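The structure appears below as structure tokens.
The values are calculated or read from the model by the stated rules, or taken from the named source; none is laboratory data. Remember, predicted model here, so these are calculated numbers, not experimental data. Note: ideal-geometry Cβ built from the backbone for every residue, glycine included; neighbour counts use all protein chains shown.
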Amino acid sequence: MGVLVESPDSPLAALDRAGYRLTGPRRAVAELIAARNGHFTAADLVGDAVVRRLDIGRATIFRTLDVLESVNAIERIDLPSGDHAYIACEPAAHHHHVVCARCGRAADVDDAGLAGVVSRIAAESGYQIDDHRLELFGLCPACQTVQGPRTSG
């Protein structure tokens with residue numbers, strides 16, 4: 001699966017729109033991300049680069065992830081373990097994520113009425129809420145098929 005700058009939702013297109021140069025290392029990191037299915041860590045990408053014998057260093061991967069996050073091409077998520085990872089996102093309207101706790105597959109989900117809840121919390125607390133984020137974790141349909149659905153808890 002390749003990343004093309006022509007795809008309006010690709011990380012490279014997001015960089016291009018934001019005025020960043022599309023350097024070889026940035027292209028390589030975008031390709032590594034495109035090859036991933038589900039969430040990934042910087043360490044995952046470093047390992048992928050080593051396996052593919054790409055001439056990009058750890059620092060370049062971390063800097064590229066920071067830039068991609070700043071242009072909303074990827075989002076950082078906090079995992080239940082306390083670690084963090086990244087998810088490739090379409091730079092679109094505000095959305096949330098549902099993440100498979102077993103395989104790491106992730107999907108964007110829309111607001112689903114959360115804006116009303118946030119407004120109510122703001123009114124009740126007196127806070128001006130500038131931003132929020134919601135990450136839901138569970139088993140994707142494929143992993144449920146293998147294990148069977150869990151009861152919620």
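Some values worked out for this structure:
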item	result
Flag for residue 45 being touching a residue at least 24 places away in the same chain (Cβ under 8 Å), among the aliphatic types (A, V, I, L, M) and in a helix (DSSP H, G or I)	no
Hits in segment 123-145 - residues which are surrounded by 14 or more Cβ atoms within 10 Å (Cβ to Cβ) and assigned to a helix (DSSP H, G or I)	143, 144
Residue list for segment 61-109, filter: under 10 Å from the mean Cα position of the chain (by Cα) and assigned to a loop (DSSP other than H, G, I, E, B)	72, 73, 89, 90
Odd one out for residue 74 among (1) crowded, with 19+ Cβ neighbours inside 10 Å; (2) assigned by TED's automatic domain parsing to the domain that holds residue 141	(2)
Given (1) part of a loop (DSSP other than H, G, I, E, B); (2) of a type outside the set (Lys, Arg); (3) in the same structural domain as residue 23 (by TED's automatic domain parsing), index of the condition residue 112 fails	(3)
